[in-house]
1. Report the label-to-label distance for Val180 and Glu64 in nanometres (one decimal), using points 7 Å from each Cα along the Cα→Cβ vector.
2. Can you list the trypsin sites (Lys or Arg not before Pro) in region 13-82 that are in a DSSP coil and have 10 or fewer other beta carbons within 10 angstrom?
3. By count of other Cβ within 10 Å, fewest leading, how are Ser129, Ser189 ordered?
4. If amide hydrogens are placed 1.01 Å from N in the peptide plane, which non-local residues have theirs closer than 5 Å to the one on His301?
5. Using each residue's phi in region 130-139, evaluate 6.51 cos²θ - 1.76 cosθ + 1.60 at θ = phi - 60° and report the 3J(HN,Hα) Karplus result to the nearest Hz, with x for Gly and Pro.
6. What is the fewest-to-most order of Val226, Val313 by other Cβ atoms lying within 10 Å of their Cβ?
7. By counting other Cβ atoms within 10 Å of each Cβ, how are Cys204, Cys91 ranked from fewest to most?
8. Taking Rh as the Kirkwood radius, which is the inverse of the mean 1/r over Cα pairs, what is the Rg/Rh value for region 186-264?
Amino acid sequence: MEGTKAVVVAMVVVQVVFAGVNIFYKLALNDGMDTRILIAYRYLFATAFLAPLAFYLERKSRPEMTWKVLILIFFSGFFGGTLSQNLYLSCIRLTSATFASAMTNLIPAMTFILAIIFRLESLEIGSISGRAKIFGTLTGVGGAMLLTFYKGVAIAIWPTHIDLLDSHRNAVDQSSSDHVTGSVLAITSCLSYAVWLIIQDKICKVYPCHYSSTALLCLMAAVQSVAYAFCVERTMSSWKMGFDIRFLTVAYSGVVASGLILTVMSWCIKKKGPLFASVFNPLMLVIVALLSSLLLNEKLHLGSVIGSALIVVGLYVVLWGKGREVGKVRETAENYDLSSMGIVVDSAASNTTGFQEEKKQIIHLGGEWEHRLIPPK
């Protein structure tokens with residue numbers, strides 16, 4: 001579980017950064033920036049930042065590029081960048097940022113279902129760890145929905161009187177009666193993001209270079225997003241930016257959120273899988289609620305406090321279930337007799353941290369553990 005602690009801290013940082021993206025998105029949209037141009041610039045900035053970094057850091061360890069990896073990265077950029085982000089901001093334009101943020105809490109449930117379908121997770125309803133993962137996921141989603149849709153009495157914690165949206169409140173009209181279309185866009189965006197998590201898990205296994213794979217992902221998303229933006233918005237004046245909130249938004253979301261944080265997230269997915277990464281998504285709503293109260297003069301409500309508590313409880317239960325599952329796998333692997341396979345293992349190597357994970361793959365089939373040995377290269 002010591003390795004798990006590092007991944008947990010990393011995923012919390014990921015959600016803090018993504019919460020900041022939501023705040024910047026609100027400011028940019030209220031300033032009148034086109035959503036498709038915003039996404040295009042985001043991945044252009046991310047590519048410009050990551051490409052030289054990936055070239056230098058992984059110049060000696062980068063494996064050979066194959067068509068399979070290239071196709072996976074193309075669809076990773078499409079589902080995780082172009083499609084999911086454009087749908088998400090389109091949903092905000094048709095409904096509201098609150099509604100769109102609430103719908104993102106469907107991602108853990110969708111990822112859980114896809115992970116089971118693609119045999120990346122085992123359901124194991126009969127085990128304590130399996131029930132904990134299901135209960136924790138549902139609790140986190142329920143808490144996030146409660147945080148968003150139930151207000152209750154207002155709670156004044158820190159009256160900062162800071163409202164960054166005050167000068168732009170009338171700049172953009174985000175009201176719309178077409179909630180059906182907005183709901184479809186939000187659900188499709190969540191499904192697209194869940195598919196990206198599954199694809200990213202595959203990429204981490206066949207192309208384990210996080211900087212290079214993320215740089216290529218951003219490059220694919222940039223090409224796709226720019227082509228889409230030019231198809232719907234050809235007025236060059238809309239593409240002009242000064243050193244204002246639009247520039248800050250695309251710089252932060254591109255360099256920090258897409259450039260650095262997607263690399264961290266790829267590492268987390270490689271270590272713990274797509275479900276583990278997705279279960280942290282509702283935590284973003286808690287952070288957004290705190291940042292909104294501090295920077296946008298939005299009041300906290302009783303529903304926010306209760307919902308936040310449920311999210312934390314659900315997150316802890318899932319982590320506990322995953323920890324128990326990992327402990328069971330390690331115990332089973334340690335008791336597995338390698339000599340029965342006619343393989344001699346150095347005792348020093350067998351005590352290393354990564355030996356169990358790199359040499360063995362334990363697959364759950366038909367309610368029993370089947371052991372398959374992966375010989376070293």
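1. Going by the 7 Å Cα→Cβ label model, 5.4 nm.
2. Within region 13-82, the qualifying trypsin sites (Lys or Arg not before Pro) (loop, at most 10 other Cβ atoms within 10 Å) are Arg59, Lys60.
3. In order of increasing Cβ crowding within 10 Å: Ser129, Ser189.
4. Ile155
5. Per-residue couplings from phi come out as x, 5, 5, 5, 5, 5, x, 4, 5, 5 Hz.
6. Neighbour counts put them in this order, fewest first: Val313, Val226.
7. Cys204, Cys91
8. Across region 186-264, the Cα-based Rg/Rh ratio is 1.03.
Bear in mind these aren't lab numbers, they're just calculated from the coordinates by the rules spelled out. Since the model is a prediction, treat every value here as computed from it, not as a measurement. Methodologically, a virtual Cβ is constructed for each residue, glycine included, from the backbone with ideal geometry; neighbour enumeration extends over all protein chains shown.
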